[in-house]
1. Which of the following residues is polar (S, T, N, Q) and over 32 Å from the mean Cα position of the chain (by Cα): GLN19, GLN54, GLN29?
2. Hey, among GLN106, GLN125, which residue is farther than 30 Å from GLN33 by Cα, open to solvent by 60 Å² or more (accessible area, probe 1.4 Å) and either assigned to a helix (DSSP H, G or I) or out of contact with any strand residue (DSSP E or B) (no Cβ under 8 Å at 6 or more places or on another chain) (or both)?
3. Looking at region 128-145, which of its residues are hydrophobic (A, V, I, L, M, F, W, C) and crowded, with 17+ Cβ neighbours inside 10 Å?
4. If I filter region 70-89 for residues that are open to solvent by less than 90 Å² (accessible area, probe 1.4 Å) and not in a helix (DSSP H, G or I), do I get at least one hit?
5. Report the residue count in region 119-165 for those that are modelled with pLDDT under 90, among the hydroxyl-bearing types (Ser, Thr, Tyr) and within 22 Å of ALA10 (Cα to Cα).
6. So is ARG49 of a type in the set (Lys, Arg), assigned to a helix (DSSP H, G or I) and under 30 Å from THR129 (Cα atoms) or not?
7. Looking at (1) modelled with pLDDT of 95 or more; (2) farther than 23 Å from ARG113 by Cα, which is the one condition that is false for ASN24?
8. List, please: which pairs have Cβ atoms under 6 Å, are six or more places apart or on different chains, and start with a residue in region 72-84 that is free of Cβ contacts under 8 Å to residues at least 60 places away in the same chain and end with one that is surrounded by 13 or more Cβ atoms within 10 Å (Cβ to Cβ) and in a helix (DSSP H, G or I)?
Amino acid sequence: TAALVATTVATSVASARGQRKAANFATKQGARQAADSLERGEEAVTDYRTDLAQIAGRQRAVMAANGVDATVGSAAAIARDTARIGELDVARIRENARREAVGLRQSSELTARGLRAGANASLAQAGATLLTAGIDAWGSYSARKGLTLPRLSAPGRTSSVAGNPYAGVRP
């Protein structure tokens, strides 16, 4: 019996340790994935700005080929609109990367919380096993030695559980 209790407790404790390690890994992995998301977002911004510069260059080239001064009037307004829309798109790209990063962090944190809860449950199971084993051992010992617990209930009061030596005992 003692070997079974020791094995059960050791298994529960080992499980808790493993779950805590997995929780720490999940948290670190989520942070790495979030950082990667933000980095990819910045790479996308750089690529988009390169494309945007090419578009603006083509616009200027077409205007110049048609003899239009790109610095005044409607041509200048087109250039300003292209730049303004480009900056809005850059902000959208960054915001999407930020949202993805937040989602990755939250997902990994939820996973880590679940693992930590499992670790706590494993440790509680180990404690319950030890407590139950102690109670069982006391029961066996006291039965062999003829020991009984004193009644702590009020005089004349009966237990609702017949035959239970612990009935009426208050902690």
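The values are calculated or read from the model by the stated rules, or taken from the named source; none is laboratory data. Keep in mind that this is a model prediction, so the values were computed, not measured. Cβ sites come from the backbone with ideal geometry, for glycine too, and all protein chains shown count toward neighbours. Only protein heavy atoms, including side chains, enter the accessible area calculation; ligands, DNA and RNA are left aside. Shrake-Rupley method; radii C 1.70, N 1.55, O 1.52, S 1.80 Å.
1. Going through GLN19, GLN54, GLN29 in turn, the sole match is GLN54.
2. Sole residue among the options that is farther than 30 Å from GLN33 by Cα, open to solvent by 60 Å² or more (accessible area, probe 1.4 Å) and either assigned to a helix (DSSP H, G or I) or out of contact with any strand residue (DSSP E or B) (no Cβ under 8 Å at 6 or more places or on another chain) (or both): GLN125.
3. Correct list: ALA133 only.
4. Yes, because at least one residue in region 70-89 is open to solvent by less than 90 Å² (accessible area, probe 1.4 Å) and not in a helix (DSSP H, G or I).
5. Total satisfying the criteria: 0.
6. no
7. Result: ASN24 fails condition (2) only.
8. Sorted first by the residue in region 72-84, then by its partner, the pairs are ALA75/MET63; THR82/ALA56.
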